[in-house]
């Protein structure tokens with residue numbers, strides 16, 4: 001083939017390579033027996049790699065039953081299946097809530113990678129590898145392989161194999177490796193939040209700070225909930241994994257990263273609220289995220305104190321009950337109204353204008369906040385009425401204030417509607433029923 005490459009020199013080269021490979025592996029018979037051996041080897045060359053793979057799988061199954069070193073090697077690979085699958089799931093969730101991770105995953109998207117690959121060239125090299133492999137590990141294929149035993153203990157052997165596989169997929173070794181991968185995946189998210197969300201470093205090109213800060217709060221909390229579910233299932237008090245010191249350290253570290261993840265989600269939601277105002281659902285989301293963070297801390301206490309899942313459920317229900325009971329003494333509508341007024345563009349010069357129509361859904365509890373809003377719009381030296389946009393906003397707010405006050409005062413006389421909160425609001429409205437405390441400014445109601 002150094003002289004020339006044609007069909008004759010190619011046949012001679014392949015035959016010579018086959019003879020050399022079989023002779024080097026001491027599989028070439030002597031004398032005339034070498035010719036049938038060469039013919040068998042060359043005839044099976046296109047499928048020899050597939051046949052060897054099939055035989056290796058059969059051998060691996062038999063060694064799994066006997067518990068040999070090969071079985072241990074097989075289980076060493078099986079224990080990575082569950083960690084890799086779950087790590088990819090967490091990475092996908094974190095990518096949905098972090099544009100930087102999403103850009104990195106998009107760069108690795110299979111369709112984009114395939115555009116850089118020539119399918120014909122890939123197929124060519126696969127065929128070349130399949131044809132070269134038999135020369136590197138030459139053997140003469142026999143007429144068949146032994147079948148599995150059909151004796152009565154074959155069923156028990158299969159059960160043992162299934163049990164070994166289950167232990168390999170979800171046992172302590174798999175949990176340890178899963179926690180290693182989970183900590184690495186979550187460390188990427190924690191590092192990005194520490195750099196860009198908490199540290200204020202300039203974001204990469206194509207990613208705005210608003211996109212990074214206002215996105216994915218609920219997705220990140222979902223990732224934390226899935227993490228909590230995994231820990232509860234894997235670290236039952238009677239589980240073997242809960243005894244391993246390395247596993248316990250890794251799970252404490254991972255839960256700590258999940259708590260940081262929830263706090264970062266709360267910060268993202270806070271930044272979003274600063275721009276787009278506070279609502280009942282967003283306030284509930286803050287409480288929900290706090291409960292998730294508390295639940296993660298309780299999981300750490302459960303593992304450290306070796307408590308049962310019943311204790312964990314009772315502790316979480318206790319925290320939920322305390323938060324729920326405390327919320328009964330807070331007028332959330334009034335709190336939302338005060339927050340939105342305080343952070344509106346009219347008072348701070350930034351953010352969104354006050355959504356006055358939203359105040360109608362908050363009910364009479366929003367009246368004191370509306371009075372503060374009107375007082376600010378009408379303030380001046382002297383108290384002059386703002387013109388343009390501010391005047392229009394003041395008229396809308398005053399009309400809403402009057403409508404809410406009239407509706408509330410019309411029903412406040414019924415003693416069956418009495419409550420301490422309603423009584424306080426009634427005292428406030430009776431002291432200033434028409435909102436005349438705005439300095440007597442010439443504000444004319446809109447028709």
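Values quoted throughout were computed directly from the atomic coordinates according to the rules given, and no laboratory measurement underlies them. All of these numbers come straight from a predicted model, not from anything done at the bench. Positions of Cβ are backbone-derived with ideal geometry, glycine not excepted, and every protein chain shown enters the neighbour counts.
Quick notes on this structure:
- Taking 0.36 nm per residue of separation and subtracting the Cα-Cα distance, full extension of the segment from residue 116 to residue 357 would add 81.4 nm.
- Estimated FRET transfer efficiency when R0 is 22 angstrom, pair residue 422-residue 402 (beta carbons, to 0.05): 0.70
- Stretch gain in nm, segment residue 187-residue 57, where the contour uses 0.36 nm per residue and the Cα spacing is subtracted: 43.1 nm
- Cα gyration tensor shape for the stretch 171-327, rounded if a/c is under 1.5, else prolate or oblate: oblate
- Linear extension gain, residue 4 paired with residue 415, 0.36 nm per residue minus alpha-carbon span: 137.0 nm
- Cα gyration tensor category, rounded, prolate or oblate, for the stretch 332-431 with a/c compared to 1.5: prolate
- Across the stretch 332-431, the relative contact order, built from alpha-carbon pairs under 8 Å that are at least six residues apart, equals 23 percent.
- 14 Å reach of a label modelled at residue 291, 7 Å along Cα-to-Cβ, counting backbone N of the stretch 298-341: 313-328
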